[in-house]
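See below for the structure under consideration.
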Amino acid sequence: MVADTSPINYLVLLGCVDILRQLYSRVMIPSAVYRELTAEGSPGQVSAWIRTRPDWLEVLDEGACKQSELGERLRQFESPWGKQTVYC
């Protein structure tokens with residue numbers, strides 16, 4: 001689970017985002033992360049990549065994330081960047 005935009009953002013910009021697929025068979029992001037990566041002001045390369053995301057990247061809506069065991073574990077941690085970053 002990627003709970004922050006930074007890993008995907010910088011891996012796309014560096015041309016290394018495929019390393020996520022090599023390390024993990026499936027990557028999940030909360031819909032809040034998806035929205036931030038596609039928001040106005042997001043780098044064009046990042047926005048284009050996330051809009052045509054590969055099949056190994058799954059966007060979880062808030063309800064699915066809240067009901068998942070991983071979502072429950074993430075909610076136990078405080079994030080210095082705010083609740084939206086970690087909380088689904």
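Net charge near Val46, counting Lys/Arg +1 and Asp/Glu -1 over other residues with Cβ under 15 Å of its Cβ?
Spelling it out: positives minus negatives among the neighbours equals -1.
Using only C-alpha atoms and all pairs of different ones, pull out the Kirkwood radius for the range 17-67 in Å with one decimal.
Evaluated over the range 17-67, this radius sits at 11.6 Å.
Fewest first, what order do Thr5, Thr38, Thr52 take by the number of other Cβ atoms within 10 Å?
Ascending number of Cβ neighbours within 10 Å: Thr52, Thr38, Thr5.
Read the figures in this text as sums done on the coordinates, not as results from a lab. On a predicted model such as this, the values are computed, not experimentally measured, just so you know. Please note: Cβ atoms are built from the backbone with ideal geometry, for glycine as well, and neighbour counts cover all protein chains shown.
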